[in-house]
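The values are calculated or read from the model by the stated rules, or taken from the named source; none is laboratory data. This structure is a prediction, so every number in the text was calculated from the model and none was measured. Here the Cβ is made from the backbone with ideal geometry for all residues, glycine too, and neighbour counts use every protein chain on show.
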């Protein structure tokens, strides 16, 4: 039932209202609203009960294993969430004087420094509010760099076919054309194709390493030389940073600019789709173009850097300081991990991924890149099962939900048919991973014995398989009272 | 090991299953010369108890007694139930609802949110949120350029009464795509955009942005501006305070045919100030341009038994399907903040929301009447306003704000840099959280601050260039 269907005229939660004031207002009638908006009229208990009940229809990290590849669904520490709600942080206005913001600014500054250290970069700006905004900022910096040198003919960004969809979309938002290059059968980028693709039109290349195929691009240094020699810059998509945190630094691989997904690697909550955090880190050449504001430290005092300090900045990306509360949470997580904890993240994320891969392989599943070591994630392809048993990756994913596991990422990357991208993260125990593998094995058996069980899954959730075609054809995006 | 559950035995068993001797062997495909041994610049790890102590000390530094700053982020009462329920792990730690059947809670909530926000704006549809108000305005402009079929013009008119940071963000984002942005000056008497000024800028345009209330807190003549813009074949984008729309005429009702798009900052609806975020941007439009709407959108449908359910829909607009041809690169939204806002709007209902808007209006007007009695202090603009106003002080504003800070009062936002034409301009806000006593306290301390503040410009000391560390 929708909240609107519980509404009763003139029911209200008046304890939340401010006191009524009977004085007149000097606003002309033409500027006033005449009707009431469609908001429910319900009691406080009804609100709490309705949304508590809705919450129970969600899968979440707190309730289920969530091996959603490329999304790094690790535990979000509760202590961090609680501390972000401290009154001094929560009620702090973004435009307070610097002298009244030293607490928040010290946290911001510290996170900038930590991110520089783990990425091997020279400058960091925390303001991008999500990975895609970080990508936009990164590509805009690449453009600003070329323009400042009068190198204006470069109008192309190279993107591998396995890249996240945001990469080409971000390049286009910055006014670039996109050139796609293929991946070889071993999961590495085809070097010949790269050599053929670069030229005086190349502004840069966008990559993630390990790639979205869950394997490490071994010739990365050679690639960086090819692109740099052609005058282009390298962008690192930080979506997969969890795989190499404290082990390998993008700056050392030859990247010039990158973003970091705080909601992945730094454990800030995903919140049903956001907020995220997408700080950008850059090498020496791009430091002047970083988006503002940033925090600097002079003596013992912190100060905001704005356009007056950074005349070549690409500018502002948010009304204030990006997702401040996410910045705080990421810093706190980093401080809990400390220097030792950082590289353990990559180690145990990789251990968990390779463990599931080994067990699934033994159980008869097909890895997409059987000769390769998994990074923090890996792909299995159900191409064979689709052909022989007439079941799809979607069917397996939906059946997993019945077993109480969130499904892996499906049908991404697009170049692997019938694929599932599995990322367990470091915070899951061996016992959880074993149960997941058991469920997969059982589902494979079901696919042979009773494939309809998969095709009609899920069976145990609040709804059965939903009609997405109808949703798109007969748009019903808002409730209308009858 | 923080947040890593593995026992020694687990590790041994797992390595043996994989067939390697040690964890380090799992990194054997990474060239050895790229691997680092340690991160000396990062401090040792803390326990949660140690971290709590450190963070309490830092948070306390930023506590203030009274805040009279608005300028796009507003202090309001947030019922305890809002964040108690929002912080449930099932909302907090879920991700984008790609698996609809396992995400019906978030999806239904988003459908309810879309209904509430579209109705508040008096428009047909809403998306499921964008990053914040400023980036929502940038997306609204890109959307208008795509959707406007009446003109090929790439000209956008933005009044200078739109938040300066919003205009800056628009320039950063929209400026990459060769769209021409023309700023419209304001009437120095009313602090609003007038037809007299607009006549000089006539001609085709892709979009015209109308703020309500505007950055100065003043109310624009939205009907006249909307009709004028439609005559120039421009789509009208309202950038509005959503809380104020419970009291003021909503964008869909402006002029003869209504604004085409409404966007803005969702923060006033249940989201704490929190140093500027996370907030969320909202974006609503008329239904004929819904296919140009960026971001996630939830639709109602049925399952194989014919039972009602909710899914992400119109995904063919989005980056993960369309890649380089998507309407936007946006992927993440601000679901958690929308969760809080939906609960907030449900608790307040239509009457509560209007009551809050009225209380804001009255608090600000009490402040306005009382500050006017201070010798030398003037209200900068005539005409109606909502919960914010510009004052002209007899002394440099930055010095006065420093004086007020000594009483732990955040006295407002200095306009010296953003609007130098308003001499000693101070933007000040009072919401329903301010009592008569708070307002009296402000007025009294402002008097003292004006007596103590020096006449020298506060900015002079900042002209010394200091090499910045740590960028």
Inset, instruction - Being in a helix (DSSP H, G or I) and at the interface with chain B (Cβ under 7 Å from one of its Cβ atoms) is the filter; apply it to the stretch A:53-63 and report the residue that is nearest to residue A:462 (Cα to Cα). - result: A:54
Legend entry - Filter result for the condition that a residue is on the phi < 0 side of the Ramachandran plot, more than 18 Å from the chain's Cα centre (by Cα) and crowded, with 22+ Cβ neighbours inside 10 Å, over A:207, A:286, A:241: A:286
Inset, instruction - Within the stretch A:64-96, work out how many residues are touching a helix residue (DSSP H, G or I) at 6+ places or on another chain (Cβ under 6 Å) and facing chain B (nearest Cβ under 7 Å). - result: 8
Inset, instruction - Could you please let me know if residue A:481 is at negative phi and outside the structural domain of residue A:367 (by TED's automatic domain parsing)? - result: yes
Inset, instruction - Quick one: which residue in A:412, A:378 is in the same structural domain as residue A:351 (by TED's automatic domain parsing) and modelled with pLDDT of 95 or more? - result: A:378
Legend entry - Residue count for the stretch B:21-46, restricted to those that are facing another protein chain (nearest Cβ under 8 Å), without any contact (Cβ under 8 Å) to a residue 40 or more places away in the chain and not in a helix (DSSP H, G or I): 14
Inset, instruction - Kindly establish whether residue B:134 is buried (at least 24 other Cβ atoms within 10 Å of the Cβ), closer than 25 Å to residue A:47 by Cα and either in contact with a helix residue (DSSP H, G or I) (Cβ under 7 Å, 6 or more places away or on another chain) or facing chain A (nearest Cβ under 7 Å) (or both). - result: no
Inset, instruction - Identify, by number, the condition in (1) under 30 Å from residue B:2 (Cα atoms); (2) in contact with a helix residue (DSSP H, G or I) (Cβ under 7 Å, 6 or more places away or on another chain); (3) buried (at least 19 other Cβ atoms within 10 Å of the Cβ) that residue A:421 doesn't meet. - result: (2)
Legend entry - Contacts under 7 angstrom Cβ, first residue in the stretch B:296-311 being more than 7 Å from chain A (Cβ to nearest Cβ), partner surrounded by fewer than 20 Cβ atoms within 10 Å (Cβ to Cβ) and part of a strand (DSSP E or B), 6 or more apart: B:308/B:302
Legend entry - Top-ranked residue of the stretch A:443-462 - restricted to ones that are within 14 Å of chain B (Cβ to nearest Cβ) and not in a helix (DSSP H, G or I), ranked as farthest from residue A:396 (Cα to Cα): A:462
Inset, instruction - Scan the helices (runs of 4 or more DSSP H) fully inside the stretch A:76-149 and keep the ones with 2 or more residues being in contact with a strand residue (DSSP E or B) (Cβ under 9 Å, 6 or more places away or on another chain). - result: A:102-119, A:131-148
Legend entry - Answer from B:121, B:143 - the residue that is more than 10 Å from every other protein chain (Cβ to nearest Cβ) and either touching a helix residue (DSSP H, G or I) at 6+ places or on another chain (Cβ under 6 Å) or under 24 Å from residue B:353 (Cβ atoms) (or both): B:143
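One line per residue, one yes/no per condition, for (1) surrounded by fewer than 22 Cβ atoms within 10 Å (Cβ to Cβ); (2) farther than 30 Å from residue B:66 by Cβ:
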| position | (1), (2) |
| --- | --- |
| B:259 | no, yes |
| B:263 | no, yes |
| B:277 | no, no |
| B:282 | no, no |
| B:289 | yes, yes |
| B:311 | no, yes |
Inset, instruction - Output the residues belonging to the stretch B:58-83 that are over 25 Å from residue B:411 (Cβ atoms) and at the interface with chain A (Cβ under 8 Å from one of its Cβ atoms). - result: B:79, B:81, B:83
Inset, instruction - Looking only at the stretch B:153-163, decide whether some residue is in contact with a helix residue (DSSP H, G or I) (Cβ under 8 Å, 6 or more places away or on another chain) and facing chain A (nearest Cβ under 8 Å). - result: yes
Legend entry - the stretch B:228-264, subset in contact with a strand residue (DSSP E or B) (Cβ under 9 Å, 6 or more places away or on another chain), over 29 Å from residue B:412 (Cα atoms) and not in a loop (DSSP other than H, G, I, E, B), residue farthest from the other protein chains (Cβ to nearest Cβ): B:235
Legend entry - Pick from the stretch B:47-73, criterion crowded, with 20+ Cβ neighbours inside 10 Å and not in a loop (DSSP other than H, G, I, E, B), ranking: farthest from the chain's Cα centre (by Cα): B:51
Legend entry - Candidate set: the stretch A:356-385, residues that are surrounded by fewer than 17 Cβ atoms within 10 Å (Cβ to Cβ) and touching a residue at least 24 places away in the same chain (Cβ under 8 Å); chosen: the one farthest from residue A:346 (Cα to Cα): A:383
Inset, instruction - Considering only the stretch B:313-425, give the helices (runs of 4 or more DSSP H) lying wholly within it that have at least 1 residues that are modelled with pLDDT of 95 or more and surrounded by fewer than 24 Cβ atoms within 10 Å (Cβ to Cβ). - result: B:335-371, B:397-406
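A quick yes/no check of all residues on (1) part of a helix (DSSP H, G or I); (2) surrounded by fewer than 22 Cβ atoms within 10 Å (Cβ to Cβ):
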{"site": "B:97", "(1), (2)": "no, no"}
{"site": "B:101", "(1), (2)": "yes, no"}
{"site": "B:152", "(1), (2)": "no, yes"}
{"site": "B:158", "(1), (2)": "no, no"}
{"site": "B:171", "(1), (2)": "yes, yes"}
Legend entry - Residue count for the stretch A:437-476, restricted to those that are surrounded by 14 or more Cβ atoms within 10 Å (Cβ to Cβ) and within 14 Å of residue A:388 (Cα to Cα): 4
Legend entry - Residue that is under 18 Å from the mean Cα position of the chain (by Cα) and either within 8 Å of chain B (Cβ to nearest Cβ) or closer than 23 Å to residue A:330 by Cα (or both), where the choices are A:163, A:140, A:171: A:171
